[in-house]
Amino acid sequence: MTARKALIILIVICFFVPQFVLAQKQIPIEIDHNGKDAIGTRLSYQIKEGIRRSAGLRLALGDEPRIVVHMITMDIDLPRPGCASAAAYTYTFMVPGKIEVYLNAGMSICGEHRIKTIAESVVADIDRLTTIMSRYLQK
């Protein structure tokens, strides 16, 4: 192998492989659920399951930088507890022990038959935020 071929192979490895690896890396996500209502608990579980199924997202481990979904839920159908809940979400980027930056917020009203739909919507919001962040970080 000539020195020129070796240099070309080295350039390809240095420039294209890291970008490919970064493109394949899963973004860590934490779901911080605060609420004791049945619908909210099931919604939190379905969001986590959506993250586990995602190719680009995963649940955060340890003290790694992550996107955090702060989620507060409460029962809103007092005559019939467990039928509907209100949910409020705040999306942040956090480096544990250093900084937490606000990204977005949202809310929803969720009944038993809309849990999966709303969970899919939250996971889609997370995916959209990670896509926007990666565009800015790669510039």
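Of the conditions (1) in a helix (DSSP H, G or I); (2) on the phi > 0 side of the Ramachandran plot, Thr130 fails just one. Which one is it?
(2)
Looking only at region 27-43, how many residues end up being closer than 13 Å to Ala88 by Cβ and over 12 Å from the mean Cα position of the chain (by Cα)?
Counting residues in region 27-43 that are closer than 13 Å to Ala88 by Cβ and over 12 Å from the mean Cα position of the chain (by Cα) gives 6.
Just give me the residues in region 94-107 being without any contact (Cβ under 8 Å) to a residue 60 or more places away in the chain and under 17 Å from Leu59 (Cα atoms), in sequence order.
Of everything in region 94-107, those that are without any contact (Cβ under 8 Å) to a residue 60 or more places away in the chain and under 17 Å from Leu59 (Cα atoms) turn out to be Val95, Pro96.
Could you list, in sequence order, the residues of region 101-139 that are of a type in the set (A, V, I, L, M), exposed (fewer than 15 other Cβ atoms within 10 Å of the Cβ) and under 23 Å from Arg42 (Cβ atoms)?
Those that are of a type in the set (A, V, I, L, M), exposed (fewer than 15 other Cβ atoms within 10 Å of the Cβ) and under 23 Å from Arg42 (Cβ atoms): Ala105, Met107, Ile109, Ala124.
Hey, can you tell me all the residues within region 108-127 that are free of Cβ contacts under 8 Å to residues at least 60 places away in the same chain and either in a helix (DSSP H, G or I) or within 19 Å of Ser54 (Cα to Cα) (or both)?
His113, Arg114, Thr117, Ser121, Ala124, Asp125
If we keep just the residues of region 36-93 that are part of a helix (DSSP H, G or I) and without any contact (Cβ under 8 Å) to a residue 40 or more places away in the chain, which is surrounded by the fewest Cβ atoms within 10 Å (Cβ to Cβ)?
Checking each candidate, the answer is Arg53.
Residue-by-condition table, conditions (1) out of contact with any strand residue (DSSP E or B) (no Cβ under 8 Å at 6 or more places or on another chain); (2) under 20 Å from Thr130 (Cα atoms):
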{"site": "Glu30", "(1), (2)": "no, yes"}
{"site": "Asn34", "(1), (2)": "no, no"}
{"site": "Glu49", "(1), (2)": "yes, yes"}
{"site": "Ile76", "(1), (2)": "no, no"}
{"site": "Ser85", "(1), (2)": "no, no"}
{"site": "Gly106", "(1), (2)": "no, yes"}
{"site": "Ile118", "(1), (2)": "no, yes"}
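Just so you know, all these numbers are worked out from the coordinates, no wet-lab data involved. Because the structure is a prediction, the values reported are computed rather than measured. A quick note on method: Cβ atoms are made from the backbone with ideal geometry, for glycine too, and the neighbour counts reach across all protein chains shown.
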